[in-house]
């Protein structure tokens, strides 16, 4: 068995697989971008502006994604393209309800158009109402069930009209080859007005059919296998939409310069203005949708005969809180990483005995390791220092080589215990785990979880040291011990006031610096039950959060601190950033509060 184990650890693939499995969790800013494709439902125009600007502004790249866009063609079904894996994401319509009813594993990530831009247009003066379309040539694009639902309101079925397949252009209507055409009021309506062609438009909303418009969707398989990619793509896309709608002129110029489009500057201006009205971004953040409205739409589909029965929509709508919005779930991730880190310690122990110190393969592993990785000699001088160590502590390899770590890296207050630990590692050639404070080049102090493994090479003693920065997690857990929820602190008005001030200031910094809605961040962070107007908190909901009866294991204040840390990491140049830092430190380190807790515990 031992021989088999030794042979297994000789395999280079074991080493690379273990390191690569860690990289996605530990390195947030990986240099390797994940390629994904977005299937559009039309040709390039302002209809997809948010996606274009998410790419142009670097939102996708920052999320680790390399996104490409696929235009539709008349013979293509965009939904089927995603289901068949030709693209990972797609722009769809409410017709996805028919797909989910058939068992297709489609999942809606969010809605862009709060109201559908679909309508029917005619240039024939003889057609004064939809009833006049009976026996006429009508060109309707795929996935337009709401138009058929609209016609059915007038007793018109597909058999009552001569249906033509849409050719993605209003040319046939303008030329008189068809009597009516499905249009997007954001685009083709502009074409008709520009051509000065008399026309009439029939809107489904006139009969109470108010469907969502475009949406962003993917497959359940994509969510199951690549949940982080889905969450990152969704967030970056809707962030791009918010940017596009608040920078319309810049977005129009970008579309004209970077994408092959048939739309003119004036066309795109018209489309941008109508799109803004349909998206209602002044009061609704891009991507917002509700289960109730989807259920209402499904009921209309059912009544019109497009669905045998309204489908179950629980898994049809993506829940962003499932992955990212609950920032506190990062604590669970930290626990998982700790377990992986322990396995990595075993790997390091074996690696140190199976590979030569200066072996080329070994050096490559050190350089590419996704954790801070260094090698010390018996005098604790740095012999090797990888790129991740530079990312964590700030010093480059040429600045630390040959230097004693106690001269620059280990915080003064922890030097004794680190010295004792490393000395023991050298004596026993064992693995010892240690958490201690470290200095950084910037002067900031960080807390790291270390795994130290001793080994010998050519009679010399060395130590492999690997570190994971756990400062945020340590602060939260340390505060958790101080702010024991098994006290009567849930009635402490000062405690609530501090929480409220932290929440409001962090949300304000976020909105001022990113241009994104603080309401959205509050929803994603689950702070939405706290007032956002800069005033007082809703104490009854905070009472619930901090109540032992409701959430003894996870008091809500953890979410507040985690959100503050998230904002501080994202916002570097706001004039009130230092104020937020001071408030956070005061909240976490108040001596008076700690004393009250200790007294309460004694009681």
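Couple of notes before you dig in:
- None of 473, 387, 397 is under 30 Å from residue 586 (Cα atoms) and in contact with a helix residue (DSSP H, G or I) (Cβ under 9 Å, 6 or more places away or on another chain) except 473.
- Only listed residue being surrounded by fewer than 16 Cβ atoms within 10 Å (Cβ to Cβ), farther than 20 Å from residue 430 by Cβ and touching a strand residue (DSSP E or B) at 6+ places or on another chain (Cβ under 9 Å), chosen from 372, 411: 411
- Residue check for residue 213: out of contact with any helix residue (DSSP H, G or I) (no Cβ under 8 Å at 6 or more places or on another chain), part of a loop (DSSP other than H, G, I, E, B) and either surrounded by 20 or more Cβ atoms within 10 Å (Cβ to Cβ) or at pLDDT below 90 (or both): no
- Of residues in the range 307-333 being more than 12 Å from the chain's Cα centre (by Cα) and either at pLDDT below 75 or not in a loop (DSSP other than H, G, I, E, B) (or both), the one surrounded by the most Cβ atoms within 10 Å (Cβ to Cβ): 328
To keep it simple, each residue is scored yes or no on (1) in contact with a strand residue (DSSP E or B) (Cβ under 7 Å, 6 or more places away or on another chain); (2) assigned to a strand (DSSP E or B); (3) outside the structural domain of residue 277 (by TED's automatic domain parsing); (4) in contact (Cβ under 8 Å) with a residue 40 or more places away in the chain.
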{"site": "85", "(1), (2), (3), (4)": "no, no, no, no"}
{"site": "91", "(1), (2), (3), (4)": "yes, yes, no, yes"}
{"site": "98", "(1), (2), (3), (4)": "no, no, no, yes"}
{"site": "107", "(1), (2), (3), (4)": "yes, yes, no, yes"}
{"site": "125", "(1), (2), (3), (4)": "no, no, yes, yes"}
{"site": "132", "(1), (2), (3), (4)": "no, no, yes, no"}
{"site": "138", "(1), (2), (3), (4)": "yes, yes, yes, yes"}
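- Among the candidates 106, 201, 178, 138, the residue that is under 30 Å from residue 239 (Cα atoms) and at pLDDT 85 or above is uniquely 106.
- Qualifying residue in the range 112-123 (condition: crowded, with 19+ Cβ neighbours inside 10 Å, in a loop (DSSP other than H, G, I, E, B) and more than 36 Å from the chain's Cα centre (by Cα)): yes
- For residue 219, the conditions (1) within 23 Å of residue 153 (Cβ to Cβ); (2) outside the structural domain of residue 147 (by TED's automatic domain parsing) all hold with the exception of (1).
- Just one of the listed residues (271, 249) is more than 26 Å from the chain's Cα centre (by Cα), surrounded by fewer than 19 Cβ atoms within 10 Å (Cβ to Cβ) and on the phi < 0 side of the Ramachandran plot, and it is 249.
- Residue in the range 445-453 that is over 30 Å from residue 561 (Cα atoms), outside the structural domain of residue 563 (by TED's automatic domain parsing) and either out of contact with any strand residue (DSSP E or B) (no Cβ under 7 Å at 6 or more places or on another chain) or free of Cβ contacts under 8 Å to residues at least 40 places away in the same chain (or both) present: yes
Here's the yes/no breakdown for (1) within 38 Å of the chain's Cα centre (by Cα); (2) closer than 25 Å to residue 565 by Cβ; (3) at pLDDT below 90:
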position	(1), (2), (3)
368	yes, no, yes
417	no, no, no
441	yes, yes, no
459	no, no, yes
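- For the range 192-210, the tally of residues that are outside any helix (DSSP H, G or I) and under 25 Å from residue 175 (Cβ atoms) stands at 9.
- Look at (1) modelled with pLDDT of 65 or more; (2) surrounded by 13 or more Cβ atoms within 10 Å (Cβ to Cβ) and you find that residue 351 fails only one, number (1).
- Meets criteria (at pLDDT 90 or above and either under 30 Å from residue 564 (Cα atoms) or in contact with a strand residue (DSSP E or B) (Cβ under 7 Å, 6 or more places away or on another chain) (or both)) for residue 501: no
- Of the set (1) under 24 Å from residue 317 (Cβ atoms); (2) touching a helix residue (DSSP H, G or I) at 6+ places or on another chain (Cβ under 8 Å); (3) touching a residue at least 60 places away in the same chain (Cβ under 8 Å); (4) in a helix (DSSP H, G or I), all apply to residue 189 but (1).
- Considering 167, 263, 234, the condition of being touching a residue at least 12 places away in the same chain (Cβ under 8 Å), in contact with a helix residue (DSSP H, G or I) (Cβ under 9 Å, 6 or more places away or on another chain) and not in a helix (DSSP H, G or I) is satisfied by 263 alone.
- Any hit, the range 239-262, residues being in the same structural domain as residue 286 (by TED's automatic domain parsing), in contact with a strand residue (DSSP E or B) (Cβ under 8 Å, 6 or more places away or on another chain) and farther than 20 Å from residue 190 by Cβ: yes
The values are calculated or read from the model by the stated rules, or taken from the named source; none is laboratory data. Computed from a predicted model, the values in this text were never measured in an experiment. All Cβ positions, glycine included, derive from the backbone under ideal geometry; neighbour counts span all protein chains shown.
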